[in-house]
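This report concerns only the one structure given below.
The values are calculated or read from the model by the stated rules, or taken from the named source; none is laboratory data. Predicted model only: the values in this text are computed from it and were never measured. Note that we place each Cβ from the backbone using ideal geometry, even for glycine, and neighbour counts take in every protein chain shown. Heads up: the accessible areas ignore ligands, DNA and RNA and are worked out on the full protein's heavy atoms, side chains in. Shrake-Rupley method; radii C 1.70, N 1.55, O 1.52, S 1.80 Å.
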Amino acid sequence: MPTFEQFRMPDAGEGLTEAEIVEWHVAVGDTVTVNQVILEVETAKSLVDLPSPFAGVVTQIHGAQGDTVEVGTVIMVVDVDPNGEPAEPVAPESGATAEVAAATDAPAVVTDTPAQPEASADAPVAAVDEPDTAPAAAPTDTPAKTDDASDSGSVLVGYGTVHGATTRRARRSAVRPTIAALEPSRDVLTVNRPGAGEAVRAKPPVRKLAKDLGVDLTAIAPTGPGGIVTREDVLAAQEKTDASKLATYSAQSAGSAASSGSDTSAGTGAGSNADAQGTKASSPRGGASAAPARTGGVTASGASAAGPVAGDALEDPSWLNSGTVSDDGRQTAVPVRSVRRRTAEAMVASAFTAPHVTVFHTVDVTKTMKLVERLRADKEFTDVRVTPLLITAKALMLAVSRHPEINASWVDEDQTIVYKHYVNLGIAAATPRGLVVPNIKDAHRLSLKGLAQGIADLTATARAGKTTPRDMSDGTITITNVGVFGIDTGTPILNPGESAILAFGAIRQQPWVHKGKIKKRWVTQLALSFDHRLVDGELGARVLADVAKVLEDPSRGLVWG
Amino acid sequence: MTDLLHHPLVEFTAEHAPLQFINERGERVENQQNAQFVRYLEHLNVDDLKNFYRDMMVVRRFDIEATALQRQGELALYAPLLGQEAAQVGSGQALAASDMVFPSYREHGVAHTRGMDMAKILQLFRGVDHGGWDSFEHNFHLYTLVIGSHALHAVGYAMGIQQDARMTAQRDAAAQHDAATQHSDAQAGAHFGDADAGEQGTTQPQADASSPDSASAAFRGDTSQDASHTGQAPQEAVMVYFGDGATSQGDVSEALGFAAVNNAPVVFFCQNNQWAISVPNSLQFKAPLYLRGSGFGVPGVRVDGNDVLAVHAATRWALEHARHGNGPVFIEAVTYRMGAHTTSDDPTKYRSREEEAHWRAKDPIDRIRLALEAEGAWSETDDAALSAELEGFGEYLRGYVRSLGAPEKSSMFEHVYATENVLVSEDKAWFAEYEASFVDAQGEAQ
């Protein structure tokens, strides 16, 4: 008779808590063998193939490509005895435990509707909603409940802790009377959740209804007295499922997505690929060709390079992946994950701890543009891209060498300022996965060509989505190239732990007073945000002025270099 | 910097060519160099060769299963040995049961040759205990995770063997002396001072059969002379396994120094697998590793670590050298870690596909298999039997690991001190009380 085994997301490195699903190699209904590679995941450390621990037929798969799944979450269920007699829905004598009872509910659903989007979407949401108070069962509260409660809820699988590492165990009230009040509510929660040896509470007609509708009882938050799943709960869950199934991106919404395609990709940075960081070979700024202003770059180099916008828009736009569409189809709620979450945390941490001041400078960069042209023709630089960003990076390095105290970090907990005697130059990059800020290690040691190579490597890595945590850690100062989007300038937010960030605006031809006459000149705006706790206005201003001086007259670099 | 980081595909000049008996095409090699070592292979027959092959296949299967178990969440970590099977099996098979082995943490293949159940190693990698075996059951010490420190432990152990031999010699000599001088107890007493003198190990009766020369020789650890006089050559040897990365640790150099001046019966077996995690040989040393011992007065030999016969011959020679009181030997087995350093790292981040392909062509198992086939020594029947054995072994390993369960939490206090310690006992009692303070501590079936 069918016997179901669950495969949980393992910790493929030491101490990882989540992994992103890159690709499934098996589907529901496939036969798998022991140690057959079933999926590829990406952890914070590396890409890893995961082998199946079981032989049998895949009956459930949870988590879609691109989903970030917590370690310990059931991602696959395998029937290891597929040729056995079909089990009765409730068959206490079969495999004995709750596992079978719970699991046997599931395949009935699964065989009808292979994918259970709401189930996989629900689990992470629950975990995100209640990170602290969720009972141990919550993170693993996926359709089929664990067989042996011994490791339920553990972050680490198999070898892991006995009790949920995400959760604090309740203490006896005698020991910690202050939290006694919390305990009843925990108990209620625990009762509500299907725990070990404890099935979901629902009356038989409701169970039948759920089964008929293909609704997974274990995924429903019960509202009835004593934690009972009611008929209304099931119907509500059904409605939710229907809504997300029916809502598609019709021609109408696709059209709007396409028409706003360029704006959207610029705004989110999602569609613009890593070109955003300014290796803009085709960017007019570099070529000094016509139509410089509207860096057409956004649509031309970014979005179109990433793929035909209109065609792709007919599919789910990537930023809506794994979202839940509202009942009326007018909104999509997308769980905040990995890069987006880290970005948000970093931005909040930075914006609300470091008092930001931004100074601006508009500068004539005509000489820099000419230099870029000359260098492009130089044999030394044949195999690297020379861009205005490169000269800007060099200018910033020179400014830092003249004002090393800008290259520092405020360490609040120690009440110290750590001055760095090296420069790890961060370059903010919009990638298909979101904003990342990898840095060029020891950029202060690099020649101009080395810097160009560094930027090229960093770009290629970011574009391939292979930027590692190490690439992004220990940055000391950052450049954000907002100009690539045709933007004049902005007030950048500091990369946490750094004390300055330079925004590099679009370069446009503008009327400019040059040698006493109004001339057409290449002009751009620079903005430097700095952490006012350790950088005074004077220092920030001097650094920006130095950057501007080099861009205005690159030969200044010879003097300062 | 780029140049430094460039990792050359290892090719040897004739001067530094490693000892080899079977090349990567599975052909027998005969040359002037390996002629000196031929006698260390003469005892081998076809069945022994087949056993090498079988052992290496078993070890590789262990590696594959353990890696998969880690990816399935059953192990916290695993250090793969893929590609190093010949270095481990060839050397391990050269050891005598009475020899002591100090492994680092990747010597699963050596454990197998010692007769140890490799499954026990996985207890460590599952985090169930600090190593699930008794070091003296198979004379295979627990794994040492601190890089290189066990080289000192090994030398200390080898010096202990010497000390034991000296004490035995002294006891025997004292017994002879007693027998010979029963008529003049008083005089002997004057010489010995008191009964403790014999145990000091440095005071020698002047009128003894063993000369003062031999006494001082023994003190210097010059057991070759000592042995020639007393016939008490150490019968045991010690072998310590470490990698190229460990040679950059001071401990290994210190160990070489102690071993050399004490003439300790220890063999330093360095598996140079080219990578110290992500650091290549080129960033660790300029001179070939097998020459590392020469400055200490420790002879070295470089051997093709992917040739099980070459490894076996060189190790047998080295152990013989050590056992006969000629002092330590340094073996560099040139091999390649085809997998990751551990399951927590990603070798594609620091080395090239070309390099991996280069070494895959030198696979240690492929070449012995080719040799066996060329010599008509391997049949389909052998294949079927072996693959059935491997399947069973894989199943056994998976079952073993999954049934390990969790250790009692209190067990963490058990191996801190050999004997009871008041502070640890207090901690243990406090922890038990703390554990009992949780509401779920009772009544829940775990």
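One line per residue, one yes/no per condition, for (1) in a helix (DSSP H, G or I); (2) modelled with pLDDT of 90 or more:
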residue: B:Ala76; (1), (2): no, yes
residue: B:Ala97; (1), (2): no, yes
residue: B:His112; (1), (2): yes, yes
residue: B:Met116; (1), (2): no, yes
residue: B:Leu145; (1), (2): no, yes
residue: B:Gly156; (1), (2): yes, yes
residue: B:Gly160; (1), (2): yes, yes
residue: B:Ala175; (1), (2): yes, no
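Could you grab me the full set of residues in segment A:525-543 that are outside any loop (DSSP other than H, G, I, E, B) and open to solvent by less than 10 Å² (accessible area, probe 1.4 Å)?
Here is the first cut: in segment A:525-543, the ones outside any loop (DSSP other than H, G, I, E, B) are A:525-531, A:537-543.
Answer for segment A:525-543, where residues must be outside any loop (DSSP other than H, G, I, E, B) and open to solvent by less than 10 Å² (accessible area, probe 1.4 Å): A:Leu526, A:Ala527, A:Leu528, A:Ser529, A:Phe530, A:Asp531, A:Gly540, A:Val543.
Yes or no: segment B:83-104 includes at least one residue that is without any contact (Cβ under 8 Å) to a residue 24 or more places away in the chain, more than 14 Å from every other protein chain (Cβ to nearest Cβ) and out of contact with any helix residue (DSSP H, G or I) (no Cβ under 6 Å at 6 or more places or on another chain).
No, because not a single residue in segment B:83-104 is without any contact (Cβ under 8 Å) to a residue 24 or more places away in the chain, more than 14 Å from every other protein chain (Cβ to nearest Cβ) and out of contact with any helix residue (DSSP H, G or I) (no Cβ under 6 Å at 6 or more places or on another chain).
Which of the following residues is free of Cβ contacts under 8 Å to residues at least 24 places away in the same chain and either of a type in the set (Val, Ile, Thr) or open to solvent by 10 Å² or more (accessible area, probe 1.4 Å) (or both): B:Ser294, B:Ser278? Before the answer, list the steps.
On the way: B:Ser278 fails: free of Cβ contacts under 8 Å to residues at least 24 places away in the same chain.
B:Ser294 is the lone residue from the list that is free of Cβ contacts under 8 Å to residues at least 24 places away in the same chain and either of a type in the set (Val, Ile, Thr) or open to solvent by 10 Å² or more (accessible area, probe 1.4 Å) (or both).
Of all residues in segment A:30-75, which are of a type outside the set (A, V, I, L, M, F, W, C), open to solvent by 50 Å² or more (accessible area, probe 1.4 Å) and at the interface with chain B (Cβ under 8 Å from one of its Cβ atoms)?
Residues of segment A:30-75 that are of a type outside the set (A, V, I, L, M, F, W, C), as a first pass: A:30-31, A:33, A:35-36, A:40, A:42-43, A:45-46, A:49, A:51-53, A:56, A:59-60, A:62-63, A:65-68, A:70, A:72-73.
So of that shortlist, the ones also open to solvent by 50 Å² or more (accessible area, probe 1.4 Å) come out as A:30-31, A:33, A:36, A:45, A:49, A:65, A:70.
Across segment A:30-75, the qualifying residues are A:Lys45, A:Asp49.
Determine whether A:Arg508 is over 18 Å from A:Thr358 (Cβ atoms), assigned by TED's automatic domain parsing to the domain that holds A:Lys394, charged (D, E, K, R) and touching a residue at least 60 places away in the same chain (Cβ under 8 Å). Even if it seems obvious, please write down each step before you answer.
Working: over 18 Å from A:Thr358 (Cβ atoms): yes; assigned by TED's automatic domain parsing to the domain that holds A:Lys394: yes; charged (D, E, K, R): yes; touching a residue at least 60 places away in the same chain (Cβ under 8 Å): yes.
In short, yes.
Could you please find all residues in segment A:322-344 being open to solvent by 50 Å² or more (accessible area, probe 1.4 Å), assigned to a helix (DSSP H, G or I) and touching a residue at least 40 places away in the same chain (Cβ under 8 Å)?
Matches in segment A:322-344: A:Arg340 only.
Out of the residues in segment B:110-127 meeting the condition of being touching a residue at least 40 places away in the same chain (Cβ under 8 Å) and open to solvent by 10 Å² or more (accessible area, probe 1.4 Å), tell me which one is farthest from B:Asp63 (Cα to Cα).
So, considering only residues that are touching a residue at least 40 places away in the same chain (Cβ under 8 Å) and open to solvent by 10 Å² or more (accessible area, probe 1.4 Å), the one farthest from B:Asp63 (Cα to Cα) is B:Gly127.
Given the options A:Glu315, A:Glu373, name the one that is of a type outside the set (S, T, N, Q) and at pLDDT 50 or above.
Details: A:Glu315 fails: at pLDDT 50 or above.
None of the other options fit; the residue is A:Glu373.
I'd like to check something: does segment B:37-60 contain any residue that is in contact (Cβ under 8 Å) with a residue 24 or more places away in the chain and within 14 Å of chain A (Cβ to nearest Cβ)?
yes
When the residues of segment B:380-389 are narrowed to those that are of a type in the set (Asp, Glu) and under 15 Å from B:Arg61 (Cβ atoms), which ends up least open to solvent (accessible area, probe 1.4 Å)?
As a first pass, look at segment B:380-389 and keep what is of a type in the set (Asp, Glu): B:380, B:382-383, B:389.
From what's left, under 15 Å from B:Arg61 (Cβ atoms): B:383, B:389.
Values: B:Asp383: 54, B:Glu389: 96 Å².
Ranking the qualifying residues of segment B:380-389, first place goes to B:Asp383.
What do you reckon, is B:Gly243 more than 18 Å from the chain's Cα centre (by Cα) and modelled with pLDDT of 95 or more?
no
Any residue in segment B:411-430 that is within 14 Å of another protein chain (Cβ to nearest Cβ), open to solvent by less than 40 Å² (accessible area, probe 1.4 Å) and out of contact with any strand residue (DSSP E or B) (no Cβ under 9 Å at 6 or more places or on another chain)? First the steps, then the outcome.
First, pick out the residues of segment B:411-430 that are within 14 Å of another protein chain (Cβ to nearest Cβ): B:411-412, B:430.
Now narrow it down to the ones that are open to solvent by less than 40 Å² (accessible area, probe 1.4 Å): B:411.
Next cut, out of contact with any strand residue (DSSP E or B) (no Cβ under 9 Å at 6 or more places or on another chain) only: B:411.
Yes: one or more hits.
Which one is nearest to the chain's Cα centre (by Cα), of the residues in segment A:359-388 that are in a loop (DSSP other than H, G, I, E, B) and acidic (Asp, Glu)?
So in segment A:359-388, the residues in a loop (DSSP other than H, G, I, E, B) come out as A:365, A:378, A:382-387.
Filter once more, keeping what is acidic (Asp, Glu): A:378, A:383.
Numbers: A:Asp378: 40, A:Asp383: 32 Å.
The selected residue is A:Asp383.
Could you tell me which numbered condition B:Thr348 fails, if it satisfies all but one of (1) away from every other protein chain (no Cβ under 14 Å); (2) open to solvent by 40 Å² or more (accessible area, probe 1.4 Å)?
Here B:Thr348 meets the rest and fails (1).
Tally the residues that are open to solvent by less than 60 Å² (accessible area, probe 1.4 Å) and in contact with a helix residue (DSSP H, G or I) (Cβ under 9 Å, 6 or more places away or on another chain), restricting the search to segment B:128-158. Please lay out each step first, then the result.
Narrowing segment B:128-158 to residues open to solvent by less than 60 Å² (accessible area, probe 1.4 Å): B:128-129, B:131-133, B:135, B:138-144, B:148-152, B:154-156, B:158.
Now drop any that are not in contact with a helix residue (DSSP H, G or I) (Cβ under 9 Å, 6 or more places away or on another chain), which leaves B:128-129, B:131-133, B:138, B:140-144, B:148-152, B:154-156, B:158.
The number of residues fulfilling the criteria is 20.
Take the residues in segment A:417-443 that are in contact with a strand residue (DSSP E or B) (Cβ under 8 Å, 6 or more places away or on another chain) and not aliphatic (A, V, I, L, M); name whichever of them is nearest to A:Ala503 (Cα to Cα).
Of all residues in segment A:417-443, those in contact with a strand residue (DSSP E or B) (Cβ under 8 Å, 6 or more places away or on another chain) come to A:417-420, A:423-429, A:435-440, A:443.
The next check asks that each one be not aliphatic (A, V, I, L, M); those that pass are A:419-420, A:424, A:426, A:438-439.
Numbers: A:Tyr419: 22, A:Lys420: 21, A:Asn424: 17, A:Gly426: 12, A:Pro438: 16, A:Asn439: 15 Å.
Here the residue is A:Gly426.
Of all residues in segment A:1-28, which are more than 11 Å from chain B (Cβ to nearest Cβ) and outside any strand (DSSP E or B)?
Those that are more than 11 Å from chain B (Cβ to nearest Cβ) and outside any strand (DSSP E or B): A:Met1, A:Pro2, A:Thr3, A:Thr17, A:His25, A:Val26, A:Ala27, A:Val28.
Among the residues of segment B:78-94, is there at least one that is hydroxyl-bearing (Ser, Thr, Tyr) and open to solvent by 40 Å² or more (accessible area, probe 1.4 Å)? Spell out the reasoning first.
Keep residues of segment B:78-94 that are hydroxyl-bearing (Ser, Thr, Tyr), which gives B:78, B:91.
Among the residues that remain, those that are also open to solvent by 40 Å² or more (accessible area, probe 1.4 Å) are: none.
Checked segment B:78-94: no residue is hydroxyl-bearing (Ser, Thr, Tyr) and open to solvent by 40 Å² or more (accessible area, probe 1.4 Å).
When you look at B:Val58, is it under 14 Å from the mean Cα position of the chain (by Cα) and either surrounded by 23 or more Cβ atoms within 10 Å (Cβ to Cβ) or closer than 22 Å to B:Gly394 by Cβ (or both), yes or no? Steps first, answer last, please.
Values: under 14 Å from the mean Cα position of the chain (by Cα): no; either surrounded by 23 or more Cβ atoms within 10 Å (Cβ to Cβ) or closer than 22 Å to B:Gly394 by Cβ (or both): yes.
For B:Val58, the condition - under 14 Å from the mean Cα position of the chain (by Cα) and either surrounded by 23 or more Cβ atoms within 10 Å (Cβ to Cβ) or closer than 22 Å to B:Gly394 by Cβ (or both) - is not met.
Return a yes/no flag: does segment B:360-379 have any residue that is closer than 30 Å to A:Leu47 by Cβ, open to solvent by less than 40 Å² (accessible area, probe 1.4 Å) and in a helix (DSSP H, G or I). Don't jump to the end; show me each part of the working.
Step one: list which residues in segment B:360-379 are closer than 30 Å to A:Leu47 by Cβ, which gives B:360-366.
Of the ones still in play, those that are also open to solvent by less than 40 Å² (accessible area, probe 1.4 Å) are B:362-365.
Okay, now just the ones that are also in a helix (DSSP H, G or I), so B:364-365.
Yes, the conditions are met somewhere in segment B:360-379.
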